[in-house]
1. Per residue, how many Å² of accessible area does chain B show with a 1.4 Å probe?
2. To the nearest 20 debye, what charge dipole does segment A:15-64 have about its Cα centre, counting +1 at the Cβ of each Lys and Arg and -1 at the Cβ of each Asp and Glu?
3. In nm, to one decimal, how far is the B:R136 label point from the B:A188 one, both placed 7 Å along Cα→Cβ?
4. Distances in nm, one decimal, shortest first, from A:A158 to the same residue in every other copy, taking the label point 7 angstrom along Cα→Cβ.
5. Looking at segment A:26-98, which trypsin sites (Lys or Arg not before Pro) are DSSP coil and have at most 10 other C-beta atoms within 10 Å of their C-beta?
6. Magnitude of the Cβ-charge dipole of segment A:68-206, K/R +1 and D/E -1, about the Cα centre, nearest 20 debye?
7. What is the projected area of the convex hull of the Cα atoms of the protein assembly as shown, averaged over all directions, in nm²?
8. Is there a pair in A:K66/B:K30; A:K98/B:K170; A:K139/B:K170 whose C-alpha atoms are over 24 Å apart, and which pairs would that be?
2 protein chains.
Amino acid sequence: MGGARSSAAGRKEPIERQPVGEGLGGLLRKAARLMARNGFHGASMRDLAKVTGRSLSGLYHYARSKEDLLYLINFHGFTTLVEHGRARGMAFRGPREKLRGFISFHVRYFAAHRDEMRVLMWGTQALSDERARTIRNLKDRYTAILREIVRNVCRSAAKGPVSEKSIDRKTFLLFGMMNWIYGWYSAARHGAPEELAEEIYRTFLYGLSGRRRERRKFPAQEVAPLWN
Amino acid sequence: MGGARSSAAGRKEPIERQPVGEGLGGLLRKAARLMARNGFHGASMRDLAKVTGRSLSGLYHYARSKEDLLYLINFHGFTTLVEHGRARGMAFRGPREKLRGFISFHVRYFAAHRDEMRVLMWGTQALSDERARTIRNLKDRYTAILREIVRNVCRSAAKGPVSEKSIDRKTFLLFGMMNWIYGWYSAARHGAPEELAEEIYRTFLYGLSGRRRERRKFPAQEVAPLWN
DNA sequence: TCCTCGATCGAACGTTCGTTCGTATCCTAC
DNA sequence: GTAGGATACGAACGAACGTTCGATCGAGGA
């Protein structure tokens, strides 16, 4: 009775609170791959069964529905982003070090989990209203973390006051540089993620004609998994 | 007889060469709206019939298939981008003026045709191999235009030589800032497209702590339509 | 030994999908 | 007036979809 069961049915807790075991984890990874390539509606459960080597009905032992899979990818993805993003912000002292840390984490994380991150970017249209709210809330929290960092960098750099509207725009411009990489980045052609992170950091702070100082590389680090 | 017919059937020329009349144009606009929100596979012909006030079978008078709609949105979208992007590059003299012109056009165009541009960004996965090649070719040509501009700006700014890899990365970072706006930009909250274009231009050139010179605004201009 | 329960499967259900077919209406050229 | 093309529609087809159901198998505790 009770305790941790890995079946999808017969649980009392909401699915996002249940631990992601090996079976479900593999499912989510393959599902993210399919959804990233074909979109949520273009990824069929039959395709997922094929690539996971399972039977169609066997999938429903791990998730109650296809929407559950999408929701779990979104929930664990954004939760990990928020947790690590906040931790990165607190691990450094100065505003620019915080910024460097955040960019480094975000870029390496995106490069390591491209399929999942692409699913996150597709929005919450296919989710129920309540779940969409949950995901949007997590996304907003993540955005707020970077905005706060950007705000502090702006204030420490400018002489006069900086408008909130401009901070908002700059935050999204930075997210744009970092998120767009899923569409073109290849480690073989464009260098290691750390290199890319450094280029984004310098571009955002100093622009194309930016100074050549501040040379220290981002330390190569472990990349966090999406679920554990 | 012969000449311009607006029916989908009985034509000899490839569909992308045929003029986009009022009927097909309206169809494409609504289709782009649906596909931008729900993805290609999530946008059904029945939904399209509903929002256009037509019957389901009536849609097939204008396009032979749903894939045709996706292809036409992609083809005319990228074709317009390439044509105007190239024209913008030639309309200015110095490298930085060319860059300013390109950014201004791209941002205003994206802000004016958000749904279509989001469809363009979703990739060519749902298209046939040949059509996917055609679209990728157009996209590559558009990318090359901006890369050439960025290369010249880099060379005119730097003392030493600039690596192609770095130019490549910077080009994509700039595209990232410009393309990401579909996810967050709202003219009411974040200012006019011209203002946003100016901020992207300054950020890309000078970074966050960038100079305040170069104050002249982008001129407010007409935005090109997707098909004519 | 038997019973339970997680894990897995084949078969099928009802729905929705893209597309086709036959037909009807309107406008225009001859 | 009538032939022919553009425009539009309802009904239907076959395929693919997400999901459910009942059964089987194997391991572990009573």
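1. Numbers: 10930 Å² over 228 residues.
I get 48 Å² per residue for this part.
2. On the way: 9 positive and 3 negative charges, 24 e Å.
The calculated dipole for segment A:15-64 is roughly 120 debye.
3. Going from the B:R136 label point to the B:A188 one covers 4.1 nm.
4. In nanometres, ordered from closest: 3.1.
5. Working: sites: A:R29, A:K30, A:R33, A:R37, A:R46, A:K50, A:R54, A:R64, A:K66, A:R86, A:R88, A:R93, A:R96, A:K98; in loops: A:R54, A:R64, A:R93.
Taking segment A:26-98 and a limit of 10 other Cβ atoms within 10 Å, the loop trypsin sites (Lys or Arg not before Pro) found are A:R93.
6. Numbers: 23 positive and 15 negative charges, 122 e Å.
Computed about the Cα centre, the dipole is about 580 debye.
7. Working: hull surface 101.8 nm².
It is 25.5 nm².
8. Numbers: A:K66/B:K30 27 Å; A:K98/B:K170 22 Å; A:K139/B:K170 26 Å.
Where the Cα-Cα span goes over 24 Å, the pairs concerned are A:K66/B:K30; A:K139/B:K170.
The values are calculated or read from the model by the stated rules, or taken from the named source; none is laboratory data. Since we're looking at a predicted model, the values are computed, not measured. Neighbour counts are summed over all protein chains in view; Cβ atoms, including those assigned to glycine, are modelled from backbone coordinates with ideal geometry. With ligands, DNA and RNA removed, areas are computed over all heavy atoms of the protein, side chains included. Shrake-Rupley method; radii C 1.70, N 1.55, O 1.52, S 1.80 Å.
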